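A.B. asks: I have a structure here, written as structure tokens, and I will follow up with some questions on it.
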Amino acid sequence: MYPSKFDYHRPSSVQEAVQILSSNPDAKILAGGHSLIPVMKLRLAAPAALVDIGRIDALQGISRSNGSLRIGACVTYHEIANSADVQAAAPALAEAAGQIGDRQVRYRGTIGGNLSHADPASDLPAAALALGATLHVTGPGGSRSVSASDFFVDLMMTALQPDEILTGVEVPVAQSGTGSAYVKWEHPASGYALCGAAAVVTRGASGSCTGASLCFNGVSSTAVAATAVAASLVGSDLSDATIESAVGDLSIPDATGDMFASAGYRQELAKVMGARALSTARDRA
Amino acid sequence: MAGESNGAGVFGSSIRRREDPELITGRAKYTDDLQLPNTAYCTILRSDYAHAKINSIDASEAEALDGVIAVYTASDIADSGVPGGIPVGWLLPDMKIPEHFMLAKDTTRYVGDGVAIVVAEDQYTAHDALDLIYVDYDPRDGIADPKKATESGAPLVHDEAPNNIAFDWEIGDKEMTDAAFANAAHVASLDIVNNRLIPNAMEPRAALADYNNITGELTLYMTTQNPHIHRLLMSLASLGLPEHKIRVIAPEVGGGFGSKIHHYADEAIAAWASMQTGRPVKWTATRTETYLTDAHGRDHVTHAEMAMDENGRFTGLRVDTYAAMGAYLSTFAPAVPTYLYGTLMSGEYDLPAIYCHVYGVFTHTVPVDAYRGAGRPEATFVVERIVDEAARVSGIDPAEIRRRNFVAPDNFPYQTQVALAYDSGNYEGALDKALAEIGYDDFRSEQAAAREQGKYLGIGLSTYIEACGLAPSAVVGSLGAQAGQWESAVVRVHATGKVTVYSGCSGHGQGHETTFAQIVASALGVPYEDIDVIEGDSGVMPHGWGTYGSRSAATGGSAIASAAEKVVDKARTIAAHLLEAAEEDLEFENGNFFVKGSPDQTQSLPDVALQAYLAHNLPKGIEPALEATSFYDPENFVFPFGTHIAVVEVCADTGHVELQRYLAVDDVGNVINPMIVDGQVHGGIAQGVGQSLYETAVYDEGANLLSGTMLDYAVPKAHFLPSFETDRTVTPCPHNPLGVKGVGEAGTIASPAAVVNAVVDALSPFGVAHIDMPVTSEKVWNAINN
């Protein structure tokens, strides 16, 4: 487990980091390092340089204002899972972060690294997608915002340009009547999601559903939204039977399988995990 | 046992392991921690192909890399004049033994087969250089499935082994068994795949070789469970150095589970590279190399049938197995699916006819060899699964059918139809205890009620026997072992009465430093704190055979007890002289000699030791000093047994199996340290549950290892497991001085069948008769839904 040689940079500002990235086309951003370092040790990746953004203050911290929660890109899973603000404003995100890896991974891994890596079996993408997160990005030309639904392009591919850095994630604070949940079926070896379901539902004054979102990790090449299932729930009473019937029609195009679980089985798991996530979200709404 | 009168109570008490403070604070020194001046680092280029001809190797770029000392290939090893072999140490009749050289000469036979060696100034350069060696391969078809490998047209691993058959072995009486089936009232039949496992010792294998080209001596620090075996094989087969010029040292070794018994090419390569360069050379496996080169375990394809009369009495067992050997015959590989497997087919049962046939099969995979349990988990799985299937087809309760067929407690010694003679046992005793503790009778009604609510509970029994502490040496030799199976010990009482014990065993996590000291404390009546145990250095202790096969307590412990007894005998002679009494009039209690009836005037063991070393006043004919050596060759195997019970709940929606309870009632004879025995049982169960629910080495059709990392290969995690319940019955071994049996493998042997039996029981409403391991949620879901 000896990586190839690489240069190491530790910028103190986002601007400096962007500058280094722009002038080193083979550089990679190092945040928590829990995805990047293992592949470097296996020599599956051999970046010429690492840009360690772990000490940039602007990428730290969780703050709440104007109905949204802003989470710095270098905030760790542990901080997110244990943040009272996140737990209150976006329970699905806290739940997803709390189920990643083990304690050591959660102390090091970051939300920015996770979303930028876009591992389809990771836990945060579906939560970000279901919660309608906005991702803030800075590059040589300045800053821009990308919605989660535009961010995840394909297997480990995002809307990020090579010289751009994800600086933070903005999540709307759940209004009264809205509940969210993340339920996961973990791969026994890797701990990644064989299937992870993130659900957000909103109930109107009458109790009927006024909005729903259901997204999955682990079953496709990117986090995927089950838009038809979610749409079919709007206007419903969100009873267990209604949820069960809605997820019964779930079909994930391009579901993927591997030696541990076939695509077909993952689809079946998605129905069960989806129903569990929806009913938990409903109970919280 | 010797010294049981001392009353110290050390033997049998749960003393905390004295090894642990060093281990858990990081002070322990493993092979890779050791630093010698001027050390060079070695890496090994491994084949990416399961099967390929090597057309040519171009190492010029690697050789030119700054910091690279040398790059070697097989021809360099051959040209150096060393034997260069990696031998098999267990011979079966008519077995095909293809050449196994330290590096592939012209053909690679598994992904991971060594092709070239880099020696460099540092680890990073040594790894960088691997990327600069260009091998021109001509890829060929490979095969990984041991049954398909025997079919005509399958790619051949070795030309000299037609149909890839390494050996064709049988045990039992075929005619008698066939007759039993001809007259059977019921027949149970199962096709079973015993899944291939990858050992996951926490510490990867490593070697630090220091060849002194002035003296011709090689000091080899390495991750080994048996330093003397490695010294022997390094000398005879690999390096050609005289045995007395090789010293093999096992520093702290971080687990093995069998994977560090075997003689691999890699450690020999490090030693050879040190001989070539005249510098210390270190090789440390990466975790990837561990997966690609540590001998794997299990990998059987089996058809088993049980014949019964109308009362569910077993009348015959027929077993046909294809056992993978992998690409080459590893050190003890041929013994594993034969003498450690076929001989166990009687289980705990009075089985009048047994026939077991085994093909040992070459495949384009990592060699397969002993892995915790070695043959006995495979046998137990066959026997305990077919017994449950027999219960199912005959409509008899699984506990009841076992009870009907057990070897009765008054039927010992019991000669099985497959060579072993069980010396003692009380199988029903362990079963009854386990059934009572798990609440078996109540469980059935709970299970029925739960099913009404769509909850699927299952209970699974495994009433296992195992044979461990292989012995005696003459018998083991007659079966093909190229090794003895006795053990050595030295008990040295120093002049101050402190004691150093040397054992030919070589612990790597078992707690020998604690338990062996407990044996000696009891035997000599010396405080436990005054006794140190040293193992794992072929230059220090007499020849020994190491630690594996649950042999250390039964064989190594007995050697220690026997040496301690010799010490007491000599001390008694000296004490009698000092007390001016006849030896036969002396008592020995709590470390003190005294004349019967005069306990006030004593000679303590330390008193005697001082006199023995001063040698000013010794009886005539008695040599100075106080120590003894013993070479103990047991009369027979030891036969631990017990009942394990698993309780599971299966989720019909997802197929998830939740292991709710796991109870083990084991009989390992007398217990030296109950806490350590419980620890062994816990670890063994976790490993067996791992095999039954999670772990499996997956090869694709072309014999590429797909489960090549810990991301893919599921070693069980703590939160997958319930808190195990353990209990014991005690039936002492009648033939060794301590009355102990082995315990290191019991959990691994018993648990896979218990778990799978429980899952199959839970799924009985769906008509499921069998599910192969690992019982993943997908397999269960399919069983329910298809």
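The values are calculated or read from the model by the stated rules, or taken from the named source; none is laboratory data. Since we're looking at a predicted model, the values are computed, not measured. Neighbour counts run over all protein chains shown; Cβ positions are idealised from the backbone, glycine included. Only protein heavy atoms, including side chains, enter the accessible area calculation; ligands, DNA and RNA are left aside. Shrake-Rupley method; radii C 1.70, N 1.55, O 1.52, S 1.80 Å.
A.B. asks: Quick test for you: out of B:Glu151, B:Glu170, pick the one residue that is over 30 Å from B:Val281 (Cα atoms), without any contact (Cβ under 8 Å) to a residue 24 or more places away in the chain and among the acidic types (Asp, Glu).
C.D. replies: Testing whether each residue is over 30 Å from B:Val281 (Cα atoms), without any contact (Cβ under 8 Å) to a residue 24 or more places away in the chain and among the acidic types (Asp, Glu) leaves just B:Glu151.
A.B. asks: So which residues in region B:687-702 are open to solvent by 20 Å² or more (accessible area, probe 1.4 Å) and either closer than 14 Å to B:Ala718 by Cα or of a type in the set (Gly, Ala, Ser) (or both), if there are any at all?
C.D. replies: Answer for region B:687-702, where residues must be open to solvent by 20 Å² or more (accessible area, probe 1.4 Å) and either closer than 14 Å to B:Ala718 by Cα or of a type in the set (Gly, Ala, Ser) (or both): B:Gln687, B:Tyr694, B:Gly702.
A.B. asks: OK, next. Would you call A:Ala225 surrounded by 24 or more Cβ atoms within 10 Å (Cβ to Cβ), at pLDDT 95 or above and out of contact with any Asp or Glu (no Cβ under 7 Å at 6 or more places or on another chain)?
C.D. replies: no
A.B. asks: Just name the residue that is surrounded by the fewest Cβ atoms within 10 Å (Cβ to Cβ) out of those in region B:713-755 that are β-branched (Val, Ile, Thr) and in contact with a Gly (Cβ under 7 Å, 6 or more places away or on another chain).
C.D. replies: Taking the candidates together, the pick is B:Val730.
A.B. asks: Please work out if B:Ile192 is buried (at least 16 other Cβ atoms within 10 Å of the Cβ), within 30 Å of the chain's Cα centre (by Cα) and not assigned by TED's automatic domain parsing to the domain that holds B:Pro367.
C.D. replies: yes
A.B. asks: Another question, if that's okay. Wholly within region B:207-320, which helices (runs of 4 or more DSSP H) include no fewer than the required count, namely at least 2 residues that are small (Gly, Ala, Ser) and more than 14 Å from chain A (Cβ to nearest Cβ)?
C.D. replies: Correct list: B:265-277.
A.B. asks: With respect to B:Gly477, determine if the residue is closer than 27 Å to B:Glu170 by Cα, without any contact (Cβ under 8 Å) to a residue 60 or more places away in the chain and not polar (S, T, N, Q).
C.D. replies: Yes, satisfied.
A.B. asks: Confirm whether B:Tyr632 is of a type in the set (Phe, Trp, Tyr) and more than 30 Å from B:Tyr349 (Cα to Cα).
C.D. replies: yes
A.B. asks: With (1) modelled with pLDDT of 95 or more; (2) in a loop (DSSP other than H, G, I, E, B); (3) closer than 26 Å to B:Gln680 by Cβ as the list, and B:His364 as the residue in question, which single condition is left unmet?
C.D. replies: It fails just one condition, (3).
A.B. asks: Tell me, which residue of region B:662-720 that is assigned to a helix (DSSP H, G or I) and aromatic (Phe, Trp, Tyr) is nearest to the other protein chains (Cβ to nearest Cβ)?
C.D. replies: B:Tyr694
A.B. asks: Let me ask another. Just for region A:167-187: of the residues that are among the hydroxyl-bearing types (Ser, Thr, Tyr) and more than 13 Å from the chain's Cα centre (by Cα), which one is farthest from the other protein chains (Cβ to nearest Cβ)?
C.D. replies: Ranking the candidates gives A:Ser176 first.
A.B. asks: State all residues of region B:703-712 that are open to solvent by less than 60 Å² (accessible area, probe 1.4 Å) and out of contact with any His (no Cβ under 8 Å at 6 or more places or on another chain); if no residue qualifies, say none.
C.D. replies: B:Asn704, B:Leu705, B:Ser707, B:Gly708, B:Thr709, B:Asp712
A.B. asks: Go through B:Gly112, B:Gly81 for me and flag whichever is open to solvent by 30 Å² or more (accessible area, probe 1.4 Å), assigned to a loop (DSSP other than H, G, I, E, B) and not assigned by TED's automatic domain parsing to the domain that holds B:Val361.
C.D. replies: B:Gly81
A.B. asks: Another question, then. B:Ala144 - would you say it is in a loop (DSSP other than H, G, I, E, B), within 14 Å of chain A (Cβ to nearest Cβ) and surrounded by 20 or more Cβ atoms within 10 Å (Cβ to Cβ)?
C.D. replies: For B:Ala144, the condition - in a loop (DSSP other than H, G, I, E, B), within 14 Å of chain A (Cβ to nearest Cβ) and surrounded by 20 or more Cβ atoms within 10 Å (Cβ to Cβ) - is met.
A.B. asks: Which condition number does B:Leu461 fail, the rest of (1) in the same structural domain as B:Ala664 (by TED's automatic domain parsing); (2) open to solvent by 30 Å² or more (accessible area, probe 1.4 Å) being met?
C.D. replies: All conditions are met except number (2).
A.B. asks: Mind checking which residues of region A:236-285 are charged (D, E, K, R) and away from chain B (no Cβ under 14 Å)?
C.D. replies: A:Asp237, A:Asp249, A:Asp254, A:Arg282, A:Asp283, A:Arg284
A.B. asks: When you look at B:Ala182, is it among the small types (Gly, Ala, Ser) and without any contact (Cβ under 8 Å) to a residue 24 or more places away in the chain, yes or no?
C.D. replies: It is true that B:Ala182 is among the small types (Gly, Ala, Ser) and without any contact (Cβ under 8 Å) to a residue 24 or more places away in the chain.
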